[in-house]
């Protein structure tokens, strides 16, 4: 009945205002967004085309299985509640839209919409969970509240919830549609604003252990095979009838799937194990090397210091690098990895040296790196959580020959092992003076 009310009101207006009303409508029609379908010619005037050099194009279509990587490890493990109490963070990952929004990684210059310059301030990225689905963000399955994790929704896996956060706004995805204004957009040769992949949000995905009421979910092992997405990125602008901020996704999904740029989901990207395992308790926080001169390094001298890793294991945990066994690795920082790749220090998936986080920057020493030794043997370092499950990728049995058993309580065994870090010259590199500031993380997980 609401549309009839509007029509009655318009007919009631005085005729003297009709010209102004028509002008207003004309201006509104001129300000419009268009879905981009193709890269046209250099002289195209088609509103649904961009010209060469203005970006790339793919089909805007948010299908159930069109999700990419969320930056999560490719394997998570759920074990006993005694070892992994409700509230345990199982995994966390950060991804750009280019990584998560489509099965094939998007180019940052991928163009989804062209909008008239007058539309500035009316263009919004819309985001919500898949709020009409039990396992993907439905309002009745926000089980995270039981562990103090707001916006943590059931997944198809029993005892595992997901929380997705928009890193541009800092707000979690919920079943209620939220809006983020799109600003700083590129302008094409015809003066239109371009909504590109690089303009859409980064997200952080967290998976938590919960005790799900009534045993909801499945205990099937292996890859996440449930095809319903966990969340979506949509778009709203003049001429595009997208979601409305504040409405519930449960019964509001205008524009799906042909006008939504991105799908967010676990499908096909993460596997689950349910094996006894180990976890890190404590690591020596800082290792400080004494000063060493360039002539010393060039002459083959080095500096070596110990550091300890303390970890605990369930009594039935199996240490190793085979499937379902528990392995340990040391993950380098993104800056260290980038430098190691430039210097050819990565092979078989693993890095042979830990380098400074800001290697190559002013004030940071170059030509030097840190080798890690376990039981007096050099070990490879993890470059990502998804490297191959073997020594060349940086994975080793969690419990090694030098692991010292500290105590056993309630079926849980605590260990300490001493590793060493050696600062030395990199072969074939010129040493320059400066600081060495390197960071790494100790990772233990089921393979």
Q) Using the 10 angstrom Cβ neighbour count as an exposure proxy, how do 416, 342 rank, fewest first? A) 342, 416
Q) Do you know the relative contact order of the stretch 34-272, to the nearest whole percent, from alpha carbon pairs under 8 angstrom that are 6+ apart? A) 29 percent
Q.
Can you compute the helix-only [θ] at 222 nm over the chain? Use -39500 (n - 2.57) per DSSP H run of at least 4 residues, normalise by all residues, nearest 500 deg cm²/dmol.
A. -2500 deg cm²/dmol
Q: Calculate, in nm to one decimal, what residue 256 and residue 347 gain on full extension: separation in residues at 0.36 nm each, minus their alpha carbon distance.
A: 28.4 nm
(Q) Can you tell me the convex hull volume per residue for the chain, based on C-alpha atoms, in Å³ to the nearest whole number? (A) 178 Å³
**Q.** Alpha-carbon centroids, the stretch 39-98 and the stretch 136-177: separation in whole Å
**A.** 18 Å
Q. Rounded to the nearest 0.05, what FRET efficiency do residue 377 and residue 74 have when you use their Cβ-Cβ distance and R0 = 30 Å?
A. 0.65
(Q) For the chain, take the longest principal axis of its alpha carbons; what is the angle in degrees between that and the long axis of helix 18-30, to the nearest 10 within 0 to 90? (A) 30 degrees
Q: Give the relative contact order (percent, whole number) for the chain; include only Cα pairs under 8 Å separated by 6+ residues.
A: 16 percent
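Within 10 Å of each residue's Cβ, count the other Cβ atoms and sort 387, 432 from fewest upward.
Placing the least packed residue first, the sequence is 432, 387.
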Q.
Between residue 433 and residue 241, what's the calculated FRET efficiency when r is the beta-carbon distance and R0 is 56 Å? Round to 0.05.
A. 0.35
(Q) What does the C-alpha gyration tensor say about the overall shape of the stretch 34-272? Classify as rounded when a/c is under 1.5, otherwise prolate if a/b is larger than b/c, or oblate. (A) prolate
Q: Starting with the highest mean, order 172-181, 126-135 by the number of other Cβ atoms within 10 Å, averaged over the residues of each peptide.
A: 126-135, 172-181
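Return a whole-number percent for the relative contact order of the stretch 223-264, with Cα pairs under 8 Å and 6 or more residues apart as the contact set.
49 percent
Going by how many other Cβ atoms sit within 10 Å of their own, how do 253, 157 line up, fewest first? Can you show the working numbers first?
On the way: 253 20, 157 25.
Fewest-to-most ranking of 253, 157: 253, 157.
Once R0 is set to 30 Å, what does the formula 1/(1 + (r/R0)^6) return for the Cβ-Cβ distance between residue 361 and residue 167, expressed as a FRET efficiency to the nearest 0.05?
The value I calculate is 0.75.
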Q) Gain in length, residue 103 to residue 63, computed as 0.36 nm per residue apart minus the alpha-carbon separation, to one decimal in nm? A) 13.4 nm
Q: Compute the separation of the alpha-carbon centres of the stretch 376-447 and the stretch 196-218 and state it in Å as a whole number.
A: 29 Å
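Each value in this text was obtained by applying a stated rule to the coordinates, not by laboratory testing. Everything numeric in this text was worked out from a predicted model, so none of it was measured. Note that each Cβ is placed from the backbone with ideal geometry, even for glycine, and that neighbours are counted across all protein chains shown.
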